[in-house]
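A quick write-up on the structure given underneath.
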Amino acid sequence: MLRKLVAGNWKMHGLSGDLDEIRQIADQSRAYPAVDVALCVPAILIERAARSVPGFAIGGQDVHYAEKGAHTGCESAVMLLDAGASLTIVGHSERREAQRETDQLVKEKAQAALAAGLGVILCIGESLDVREQGAAVQTVLAQLDGSLPDSIGGEAELAIAYEPIWAIGTGKVPTVSEIAEMHAAIRRRLDDRFGADGRKVRILYGGSVKPSNAAEIFSIADVNGALVGGASLKAADFIPIVAAAS
Ligand code: PGA
């Protein structure tokens, strides 16, 4: 059985004044040692967050594929590590859409991060159109194929986050059987691609995870955790989700 990972995605939220909330989340998470908990915060907060919660996993939300160079406004994996991050999100649908990130680019980012020793949460997920056309599984698997690093199994850990775009920030959640079908398909694909190494890859569900639906989502086979947006901003919402995973 894989340990569950519950990761918060703060997106473009968080100022110095919110470091206290991060401290509360880290403190209260200690009551659930069976769950891995992480918070992915804006790049500019990583160093201060990591300093204020030693031993707690702080992550970034994106990373560049190059180690350094002429890439204005970007951060590399070694920079995130240097600031105290231990993981990063790559390929979030908000970046795939707004920054036009392709599967190939997401793959390069994932590979660079893992090679540098930074854990990766790689996001995939279908639009409502695709879901309604009945093409969700094939579309998500194609995205997975295009975005997966060529190899895994080093020190740094890969996790996949299945996040249906239509469920993000909308309060809409797929049915239990839709989540189960997708996670099982992703699990089989990881098995085919990476064999025994693939079995260590956790598959997270993301999209409107809340205290009220977390327990049901975590009870689904092949759901190994969650990527949580809005409900990760406050300990009062996030910790019950961590508790549900415990
Ligand atoms: P949400 O966001 O929990 O607010 O729906 C999830 C995500 O985008 O990672």
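The values are calculated or read from the model by the stated rules, or taken from the named source; none is laboratory data. Source: prediction; values computed, not measured. Here the Cβ positions follow ideal geometry from the backbone for every residue, glycine too, while neighbour counts run over all protein chains shown. These area figures cover heavy atoms from the full protein model, side chains too; ligands, DNA and RNA do not enter into them. Shrake-Rupley method; radii C 1.70, N 1.55, O 1.52, S 1.80 Å.
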Mean accessible area per residue over the chain (1.4 angstrom probe, all protein chains present, square angstrom) is 45 Å²
Counting Lys and Arg as +1 and Asp and Glu as -1, what is the net charge of the other residues whose Cβ lies under 14 Å from the Cβ of Glu75? -1
With a/c under 1.5 counting as rounded, go ahead and sort segment 1-138 into rounded, prolate or oblate using the C-alpha gyration tensor (a ≥ b ≥ c being the square roots of the eigenvalues; past the cut-off, prolate if a/b is larger than b/c, else oblate). oblate
Under 37 °C and 0.692 mPa s, how fast does the chain diffuse according to Stokes-Einstein, given a Kirkwood radius computed over C-alpha pairs? Answer in µm²/s, whole number. 185 µm²/s
Leaving out ligands, DNA and RNA, and with a 1.4 Å probe, what % of the accessible surface on segment 86-187 is carbon or sulfur? 48 percent
In whole Å, what are the Cα extents of segment 79-131 along the three principal axes, biggest one first? 40, 18, 17
Given that compact globular proteins tend to follow 2.2 N^0.38 Å, what is the ratio of the alpha-carbon Rg of segment 19-91 to that value? 1.15
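Hey, got a sec? Which GluC sites (Glu not before Pro) in segment 108-189 land in a DSSP loop and have at most 10 other Cβ atoms within 10 Å? Show your work: numbers first, answer last.
Details: sites: Glu108, Glu126, Glu132, Glu155, Glu157, Glu178, Glu181; in loops: Glu126, Glu155, Glu157.
Those that pass, being in a loop and sparsely packed, are Glu155.
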Lys and Arg at +1, Asp and Glu at -1: neighbours of Ala57 with Cβ under 12 Å from its Cβ sum to -2
Ranked packing of 218-224, 114-120, 72-78, 57-63, most packed first, by mean Cβ within 10 Å: 57-63, 114-120, 218-224, 72-78
State the number of lysine pairs found in the chain whose Cα atoms come within less than 26 Å, restricting to pairs 8 or more positions apart or on distinct chains. 20
